[in-house]
Amino acid sequence: MFGGMYESGTYSNEITILNLKTNEITQPQLMVKSPIARYAHSACLFSENQIIIFGGQSSMGVLSETAILTIHIEGCKRVISGL
């Protein structure tokens, strides 16, 4: 999961991973700058380890950018890279 809006009205650029087999929620370590905080965007799993994020609304207005994040597993850690 990526981004969203808090009840306070501020935007998020946090990345959260839910393991559907174990119901475990983790927040991976980022190796790159996270995409701009946003809500009302599209995000989909592109391959087993890539997430594509497109568009949304931010404090700057409507976004039309695309970000591709790659998830690497290093030992027990999940690390996000790419943009």
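Quick one: F2, F54, fewest Cβ neighbours within 10 Å first, how do they rank? Please report the intermediate quantities before stating the final value.
On the way: F2 20, F54 14.
With the sparsest Cβ surroundings first, the list reads F54, F2.
Which of K21, K33 comes first, and how do the rest follow, when ranked by fewest Cβ neighbours within 10 Å? All intermediate terms of the calculation are to be shown ahead of the outcome.
Details: K21 5, K33 8.
So the ranking, lowest neighbour count to highest, is K21, K33.
How much length, in nm to one decimal, is gained on full extension between K21 and I68, taken as 0.36 nm per residue of separation minus their Cα-Cα distance?
Details: separation 47, 0.36 × 47 = 16.92 nm, distance 2.43 nm.
Here the answer is 14.5 nm.
Using the C-alpha gyration tensor of the chain, what are the square roots of 5 times its eigenvalues, in whole angstrom, with the largest one first?
Values: eigenvalues 99, 41, 26 Å².
Over the Cα atoms of the chain, the semi-axes work out to 22, 14, 11 Å.
No value in this document is a laboratory result; all are computed from the given coordinates. Small disclaimer: the values here were computed from a predicted structure and weren't measured. All Cβ positions, even for glycine, are placed from backbone atoms using ideal geometry, and neighbour counts span all protein chains on display.
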